[in-house]
Every structure is written in structure tokens, then in C-alpha cells.
Amino acid sequence: MGFTLEQVVPWGRSFAEYRAMFDLTDGELDLRILGCSDGPAAFNAALTKQGGLVVSVDPLYAFSREEISRRIEETFETVMEQTRQNEREFVWRHIRSIEELEQIRRAAMQEFLADYEAGIEAQRYVNAGLPRLPFADQEFDLALCSHFLFLYSAHFSADFHLESIRELCRVAREVRLFPLLELGSQKSRHLEHVLKHLELSGYQVEIRRVPYEFQKQGNEMLRVRGF
């Protein structure tokens, strides 16, 4: 069975969150950036307005603006209710309340939707997904993967994670992944296995603390460089 919109719960982060999650400097924003599994995040739209070079990939981009917008509305309140029920799993510092979270998420996804059709035309939003990407070797300087790898460790195997990270390293000089927790705010069950096998294969790996924490203890990203 192919990918369907009913499988998706669109949830977009803001440009400011991306900067903090991946500890991005002003200079790094000038690099050729790939956003992997970006969904309806505002990062591409905001960085493009600033003159940046960014491409986002996600199977979500097989669908029209209207279809994505409708799916956001269908699922938004369910996600917010789940967040209320699990409020203790989060750190209410960068985002100070449930109400502020709702405002930030709605604003980010509206920014994405406003940019989406122009971005599709400019090939900034590409319908693709891990573990195979339609890009040339080292086409990007930096690949960012937000809230997909590791977060869904219960759904994707350690082998899938390794294959996906190797693919990201094929298309980019450096890869950053955030967070390193799975759902439930626990360290990913695959993290140690993945780190060990990447190091044995000759990749440079580093876990770095970042200036962002929403999931409790979710304030670290993984940096990977190929060889």
C-alpha cells in the first residue's frame, strides 16, 4: 500500500525552533541546506525569504496545499489534546504554555502553506523520503532531520536508521538529527547501536547539547560527518 494522507499528522515547527534545535549559526544559514522530513515546518519558507538556499523533502509533498491544509485542521485538536494529557513530559520554558504552543504551531504551518505552491514550483519542496533521496552525492552542505529519526524508534528499525543516516551523509557533508529521544521522552532504543555502527564504519559522530528543550531531556542533537 502506498503512502496516504490519512497516515499523516502534520505538525510544523517554526524557523526559530529550527535554529535552536540544530544550533545553527548565521554563517551556517548561508550553506546549501536539506531539510529532511520537514512536513509543514516554516523553516524553508522563512529561510528562503532571507535569501537562503534550502530544499525540503517529505512524502507529504505529494499532496496539494488544500489537502494538507484540510489534514492539518482534521488532526490539530487531537494533537493539542494529547499534549494536554501528557503535559508533564514537556519543558515549558522556550514555549511557556499550551496556548503559546498552539499559536506557534498554527503560525508555523500557515507560513508553510502560504509558501507551499511557490516552493513546489521552485522545487524547494520535493516529494521524497528516507531511506532513498533523489539527490546527487554531496549536493548539500548540511542536512537537518527534525522529529523523525529516533523519535519514531518504535516504528522504524535500527537498520532503517543506519541506512537513512548513511543516505543523508551521501547527499550532505554534515548531518544533524534532533531529538535523540523517542516518543514518551525516553532515549531512543536505537541510539547506542546506531552510534557504534557509524563509528565502526568510519563516520565522525558527536552528540552536542543545543539551546532548545521541549521534550524533557530532549536537548541534544547528533552530528554525523562522512569520510
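The values are calculated or read from the model by the stated rules, or taken from the named source; none is laboratory data. Quick caveat, the model's predicted, so the values are computed rather than measured. With ideal geometry, Cβ positions are generated from the backbone for all residues, glycine too; neighbour counts draw on all protein chains shown.
Here are the numbers:
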quantity	calculated
Residue within the stretch 10-29 that is within 21 Å of PRO211 (Cβ to Cβ) and over 18 Å from the mean Cα position of the chain (by Cα) present	yes
Single residue of the stretch 88-105 satisfying the filter (out of contact with any Ser or Thr (no Cβ under 6 Å at 6 or more places or on another chain) and assigned to a helix (DSSP H, G or I)) that is surrounded by the most Cβ atoms within 10 Å (Cβ to Cβ)	ARG105
Options ASP159, ASP141, ASP115; residue that is crowded, with 16+ Cβ neighbours inside 10 Å, at pLDDT 95 or above and of a type in the set (Asp, Glu)	ASP115
Hits in the stretch 179-196 (condition: in contact with a Gly (Cβ under 8 Å, 6 or more places away or on another chain), modelled with pLDDT of 95 or more and either hydrophobic (A, V, I, L, M, F, W, C) or surrounded by fewer than 21 Cβ atoms within 10 Å (Cβ to Cβ) (or both))	LEU180, LEU181
Meets criteria (touching a Lys or Arg at 6+ places or on another chain (Cβ under 9 Å), of a type in the set (Ser, Thr, Tyr), closer than 15 Å to ILE120 by Cα and buried (at least 17 other Cβ atoms within 10 Å of the Cβ)) for SER14	no
Breaking point among (1) in contact with a Leu (Cβ under 6 Å, 6 or more places away or on another chain); (2) at positive phi; (3) not β-branched (Val, Ile, Thr), for GLN138	(1)
Residues of the stretch 18-32 that turn out to be assigned to a helix (DSSP H, G or I) and surrounded by fewer than 22 Cβ atoms within 10 Å (Cβ to Cβ), as a count	5
Considering residues of the stretch 71-81 that are under 20 Å from the mean Cα position of the chain (by Cα) and without any contact (Cβ under 8 Å) to a residue 60 or more places away in the chain only, the residue surrounded by the most Cβ atoms within 10 Å (Cβ to Cβ)	PHE76
Hits in the stretch 60-109 (condition: in contact with a Pro (Cβ under 8 Å, 6 or more places away or on another chain) and over 21 Å from PHE214 (Cβ atoms))	LEU60, ILE68, ARG71
Where ALA108 falls short, out of the listed (1) small (Gly, Ala, Ser); (2) over 21 Å from LEU133 (Cβ atoms); (3) out of contact with any Gly (no Cβ under 6 Å at 6 or more places or on another chain); (4) not in a loop (DSSP other than H, G, I, E, B)	(3)
Any hit, the stretch 191-203, residues being on the phi < 0 side of the Ramachandran plot and within 18 Å of the chain's Cα centre (by Cα)	yes
Evaluation of HIS155 against (1) over 14 Å from the mean Cα position of the chain (by Cα); (2) touching a residue at least 12 places away in the same chain (Cβ under 8 Å) (one fails), failing number	(2)
Qualifying positions in the stretch 33-62 - outside any helix (DSSP H, G or I) and among the hydrophobic types (A, V, I, L, M, F, W, C)	ILE33, LEU34, CYS36, ALA41, ALA42, LEU53, VAL54, VAL55, VAL57
Residues being in contact with a strand residue (DSSP E or B) (Cβ under 6 Å, 6 or more places away or on another chain) and crowded, with 18+ Cβ neighbours inside 10 Å - total across the stretch 204-214	2
